[in-house]
1. Take region 1-32 and flag every residue that is in a loop (DSSP other than H, G, I, E, B) and under 17 Å from the mean Cα position of the chain (by Cα).
2. For the structure I just gave you, tell me whether residue 59 is modelled with pLDDT of 95 or more and either among the aromatic types (Phe, Trp, Tyr) or part of a helix (DSSP H, G or I) (or both).
3. Report whether or not residue 76 is free of Cβ contacts under 8 Å to residues at least 24 places away in the same chain, within 18 Å of the chain's Cα centre (by Cα) and surrounded by 15 or more Cβ atoms within 10 Å (Cβ to Cβ).
4. Scan region 131-167 for residues that are assigned to a loop (DSSP other than H, G, I, E, B) and among the polar types (S, T, N, Q) and jot them down.
5. Out of region 79-123, which residues are farther than 17 Å from residue 148 by Cβ and touching a residue at least 12 places away in the same chain (Cβ under 8 Å)?
6. Hey, among 118, 56, 83, which residue is surrounded by fewer than 22 Cβ atoms within 10 Å (Cβ to Cβ) and within 23 Å of residue 226 (Cα to Cα)?
7. Here is a check on your reading of the model: is residue 128 at pLDDT below 95 and of a type in the set (Ser, Thr, Tyr)?
8. Please report, ordered by residue number, the helices (runs of 4 or more DSSP H) entirely within region 186-284 with at least 3 residues that are touching a Gly at 6+ places or on another chain (Cβ under 9 Å) and either touching a residue at least 12 places away in the same chain (Cβ under 8 Å) or farther than 19 Å from residue 15 by Cβ (or both).
Amino acid sequence: MHVLLAGSTGVLGRRVVPALVAAGHRVTALTRRADAAVDPRAPGVTVVSADVYNRESLARAVARAEPDVVMHQLTDLSRADLEANARMRRVGTRNLVDAAHAAGVRRIVAQSIAWVYEAGDEPADETTPLDDTTTQPRRGTIEGVIALETAVREAPEWVVLRYGLLYGPDTWYAKDGIKADDARAGRLPGGRDVSSFVHVDDAAEAAVAALHWPSGVVNVVDDEPATADAWAPVFARAVGAPPPATVGDAPRADWARGADNHFARKHLGWSLTHPSWRSGFDTL
């Protein structure tokens, strides 16, 4: 297939490009700047520049590329700015979907997140409603995700990948990442909130596999949702930080329930190199 990858220089995009090529696909790597860090000499890769906030420029780039699939790995997390990332989901996605539609692209694969489900006690599966009645600041994130997923579903064929918390090289949960800095500074507490993780390499492989998955939403998370009391000490040890502070009997946030990967594993045949953060953190 010929895949146009938007977000090719991000944490995931930098891994998805070589994974696509290794799987035999041709890649058009869409970047905001012509000098972005994608090697234009890489076999099977063409680099084009366009700003996803410039509708006309983006539409021209997608039309000229003539891809079979558009893959959306766009984020705006460089400043840990939740509103900037929500805007990317709302506006950037809208522009990319419109450009794909105008170019006659039938399939879109898009990045979303797995901590957007409504309150509950068990890990959420793909049938669980999104948390659209929550309050700020979480509400801004949820609204961005809803806008992204609603736009992507307009394509004749679509897959939304709801990723867990990414860990591994270049992520927030790396030895040199933001969360490691927090852990070393004593700012990473334990607690009862439940999270689901996924290693960045497993997340990239899921994106490649999704080219052949049926339309729908897929939780891309590892096998072990865990409380911060469970995972934070393991992460702290892996990055050379002291044990995290305890938070006593502080209650769990009702939406912090983790996500279930049963559908991806049992029905789509997805497998993980790092099935649990327990062993995955040892690779940091």
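1. So in region 1-32, the residues in a loop (DSSP other than H, G, I, E, B) come out as 1, 7-12, 23-25, 32.
Listed by number, the residues that qualify are 7, 8, 9, 10, 11, 12.
2. Values: modelled with pLDDT of 95 or more: yes; either among the aromatic types (Phe, Trp, Tyr) or part of a helix (DSSP H, G or I) (or both): yes.
Yes, satisfied.
3. Numbers: free of Cβ contacts under 8 Å to residues at least 24 places away in the same chain: yes; within 18 Å of the chain's Cα centre (by Cα): yes; surrounded by 15 or more Cβ atoms within 10 Å (Cβ to Cβ): yes.
Against the criterion (free of Cβ contacts under 8 Å to residues at least 24 places away in the same chain, within 18 Å of the chain's Cα centre (by Cα) and surrounded by 15 or more Cβ atoms within 10 Å (Cβ to Cβ)), residue 76 qualifies.
4. Taking region 131-167 as the starting set, the residues that turn out to be assigned to a loop (DSSP other than H, G, I, E, B) are 131-137, 153-156, 164.
Once the filter is applied, which keeps residues that are assigned to a loop (DSSP other than H, G, I, E, B) and among the polar types (S, T, N, Q), region 131-167 yields 133, 134, 135, 136.
5. Initially, region 79-123 is screened for residues farther than 17 Å from residue 148 by Cβ, giving 79-80, 102-104, 106, 118-123.
Result: 80, 102, 103, 106, 118, 119, 120, 121, 122, 123.
6. Numbers: 56 fails: within 23 Å of residue 226 (Cα to Cα); 83 fails: within 23 Å of residue 226 (Cα to Cα).
One residue alone meets the criteria, 118.
7. Details: at pLDDT below 95: no; of a type in the set (Ser, Thr, Tyr): yes.
Answer is no for this residue.
8. Values: elements: 200-209, 228-238, 277-280.
The helices (runs of 4 or more DSSP H) meeting that bar are 200-209, 228-238.
The values are calculated or read from the model by the stated rules, or taken from the named source; none is laboratory data. Here the structure is a predicted model, which is why all the values come from computation and not from measurement. A quick note on method: Cβ atoms are made from the backbone with ideal geometry, for glycine too, and the neighbour counts reach across all protein chains shown.
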